[in-house]
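Heads up: the structure comes next, in structure tokens.
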């Protein structure tokens, strides 16, 4: 007898015309809640899909907003599009205004961490709390594969579709320490394997470099809001030592290591990550912070 794992569909059913392209987004949980809403930010080369389990759990008590950044997932992908971390930070501030959110809690993974930090420190975005999950925050950053792809984009963009898919599959799979279920891996890979997606995959790598974190790295000591830094102990993309360093630079920040998880903590240890986030967010609800 074979068994299959059922997973509810993940759809972003709303759109927003951001400055760099159409954003697909969705809202989960009660529209009215005494607890601050939560905005979830994904990283690269992922989409909001990686937050599905955590988002649904958090939505039991509060409003949760998820979105695919321009150039990612279900959002618009097009030639000439600015998908840099600088541009994504501007889009985040636009979305917060569109949603009418003045001080939401923000949870950000991978390069979403840099997006959230830039929006806060450079564009005045206000949050009630900030949780950073294996974020891109301290240079140098980027896995060896990410740096290789960036240095030789003119070569990799010429790969035929089948080889491109194989490359993206191996790259995405390496973000997990425990191994991704086949259907999850395919869902993460598929957006990058259309005609638009193949070009977008290399575009987003070419758009980013350490200048994006250099602009804010020296200002982490200015962050005064409650901050949680979560890190997978088996992250091979960004080592856990960066988490300790980052937490030491943000006044009062707490560090939570997730044992056995790789860079994609949401997939490797969703229960542990959700528990850590719920505890952190509940502390803000209890104190009004």
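Provide a single number: the residues in the stretch 152-172 that are part of a helix (DSSP H, G or I) and loosely packed, with under 11 Cβ neighbours inside 10 Å. Talk me through it step by step, then tell me what you get.
Pass one, the stretch 152-172, residues part of a helix (DSSP H, G or I): 153-156, 161-172.
Okay, now just the ones that are also loosely packed, with under 11 Cβ neighbours inside 10 Å, so 154-155, 162.
Of the residues in the stretch 152-172, 3 are part of a helix (DSSP H, G or I) and loosely packed, with under 11 Cβ neighbours inside 10 Å.
Being farther than 19 Å from residue 63 by Cα and either under 11 Å from the mean Cα position of the chain (by Cα) or without any contact (Cβ under 8 Å) to a residue 40 or more places away in the chain (or both) is the filter here; which residues of the stretch 110-125 pass it?
Just the residues of the stretch 110-125 that are farther than 19 Å from residue 63 by Cα, to begin with: 110-115, 117-124.
Answer for the stretch 110-125, where residues must be farther than 19 Å from residue 63 by Cα and either under 11 Å from the mean Cα position of the chain (by Cα) or without any contact (Cβ under 8 Å) to a residue 40 or more places away in the chain (or both): 110, 111, 112, 113, 114, 115, 119, 123, 124.
Quick check on residue 185: is it part of a helix (DSSP H, G or I) and modelled with pLDDT of 95 or more?
On the way: part of a helix (DSSP H, G or I): yes; modelled with pLDDT of 95 or more: yes.
Yes; evaluated as a whole, the condition is true for this residue.
Any idea how many residues of the stretch 115-142 are touching a helix residue (DSSP H, G or I) at 6+ places or on another chain (Cβ under 8 Å), in a loop (DSSP other than H, G, I, E, B) and under 15 Å from residue 214 (Cα atoms)? First the steps, then the outcome.
As a first pass, look at the stretch 115-142 and keep what is touching a helix residue (DSSP H, G or I) at 6+ places or on another chain (Cβ under 8 Å): 115-119, 121-139, 141-142.
Then drop every residue that is not in a loop (DSSP other than H, G, I, E, B), which leaves 124-128, 134-139, 141-142.
Within this subset, residues satisfying the condition of being under 15 Å from residue 214 (Cα atoms) are 135-139, 141-142.
The qualifying residues number 7.
All but one of (1) surrounded by 23 or more Cβ atoms within 10 Å (Cβ to Cβ); (2) within 21 Å of residue 54 (Cβ to Cβ) hold for residue 192; state the number of the condition that does not hold.
Every condition holds for residue 192 apart from (2).
Only one of 232, 218 is farther than 27 Å from residue 155 by Cβ, buried (at least 23 other Cβ atoms within 10 Å of the Cβ) and either more than 19 Å from the chain's Cα centre (by Cα) or in contact (Cβ under 8 Å) with a residue 24 or more places away in the chain (or both). Can you tell me which?
Working: 218 fails: buried (at least 23 other Cβ atoms within 10 Å of the Cβ).
Checking each option against the conditions leaves just 232.
Which residue out of 180, 149 is assigned to a helix (DSSP H, G or I), surrounded by 19 or more Cβ atoms within 10 Å (Cβ to Cβ) and either in contact with a helix residue (DSSP H, G or I) (Cβ under 9 Å, 6 or more places away or on another chain) or at pLDDT 90 or above (or both)? Walk me through how you get there before you give the answer.
Working: 180 fails: assigned to a helix (DSSP H, G or I).
Just a single option satisfies the conditions, and that option is 149.
Taking the residues in the stretch 246-267 that are part of a loop (DSSP other than H, G, I, E, B) and touching a residue at least 60 places away in the same chain (Cβ under 8 Å) as candidates, determine which candidate is farthest from the chain's Cα centre (by Cα). Talk me through it step by step, then tell me what you get.
Here is the first cut: in the stretch 246-267, the residues part of a loop (DSSP other than H, G, I, E, B) are 250-253, 259-264.
When the remaining residues are screened for being touching a residue at least 60 places away in the same chain (Cβ under 8 Å), the result is 260-264.
Values: 260: 20, 261: 16, 262: 14, 263: 11, 264: 10 Å.
My answer is 260.
Out of 54, 91, I need the residue that is in contact (Cβ under 8 Å) with a residue 24 or more places away in the chain and within 19 Å of residue 266 (Cβ to Cβ). Which one?
Working: 91 fails: within 19 Å of residue 266 (Cβ to Cβ).
Only one candidate qualifies: 54.
Conditions tested, residue by residue: (1) more than 14 Å from the chain's Cα centre (by Cα); (2) more than 29 Å from residue 217 (Cα to Cα).
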| residue | (1), (2) |
| --- | --- |
| 44 | no, no |
| 48 | no, no |
| 57 | yes, yes |
| 64 | yes, no |
| 78 | yes, yes |
| 81 | yes, no |
| 85 | no, no |
| 90 | yes, no |
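Can you name the residue in the stretch 195-210 that is part of a loop (DSSP other than H, G, I, E, B) and touching a residue at least 60 places away in the same chain (Cβ under 8 Å) and, of all such residues, is surrounded by the most Cβ atoms within 10 Å (Cβ to Cβ)? Spell out how you get there, then give the answer.
Initially, the stretch 195-210 is screened for residues part of a loop (DSSP other than H, G, I, E, B), giving 207-210.
Now drop any that are not touching a residue at least 60 places away in the same chain (Cβ under 8 Å), which leaves 207-208, 210.
Values: 207: 19, 208: 22, 210: 14.
Ranking the qualifying residues of the stretch 195-210, first place goes to 208.
Quick one: is residue 175 out of contact with any strand residue (DSSP E or B) (no Cβ under 6 Å at 6 or more places or on another chain), assigned to a loop (DSSP other than H, G, I, E, B) and crowded, with 17+ Cβ neighbours inside 10 Å? Before the answer, list the steps.
On the way: out of contact with any strand residue (DSSP E or B) (no Cβ under 6 Å at 6 or more places or on another chain): yes; assigned to a loop (DSSP other than H, G, I, E, B): yes; crowded, with 17+ Cβ neighbours inside 10 Å: yes.
So residue 175 passes the test.
Looking only at the stretch 143-161, decide whether some residue is touching a residue at least 24 places away in the same chain (Cβ under 8 Å), more than 14 Å from the chain's Cα centre (by Cα) and farther than 21 Å from residue 208 by Cα.
Keep residues of the stretch 143-161 that are touching a residue at least 24 places away in the same chain (Cβ under 8 Å), which gives 143, 145-146, 149-150, 153, 156-157, 161.
So of that shortlist, the ones also more than 14 Å from the chain's Cα centre (by Cα) come out as 143, 145-146, 149-150, 153, 156-157, 161.
Narrowing further to those that are farther than 21 Å from residue 208 by Cα: 161.
Yes, some residue in the stretch 143-161 is touching a residue at least 24 places away in the same chain (Cβ under 8 Å), more than 14 Å from the chain's Cα centre (by Cα) and farther than 21 Å from residue 208 by Cα.
Do the conditions hold for residue 243, that is, is it assigned to a loop (DSSP other than H, G, I, E, B), under 18 Å from the mean Cα position of the chain (by Cα) and modelled with pLDDT of 95 or more? Quick ask: steps written out before the conclusion?
Details: assigned to a loop (DSSP other than H, G, I, E, B): no; under 18 Å from the mean Cα position of the chain (by Cα): yes; modelled with pLDDT of 95 or more: yes.
No, not satisfied.
I need the full set of residues from the stretch 211-229 which are touching a helix residue (DSSP H, G or I) at 6+ places or on another chain (Cβ under 6 Å) and not in a helix (DSSP H, G or I), in order please.
Matches in the stretch 211-229: 219, 228, 229.
The values are calculated or read from the model by the stated rules, or taken from the named source; none is laboratory data. Fair warning: this is a prediction, and the values are worked out from it, not measured in the lab. All Cβ positions, glycine included, derive from the backbone under ideal geometry; neighbour counts span all protein chains shown.
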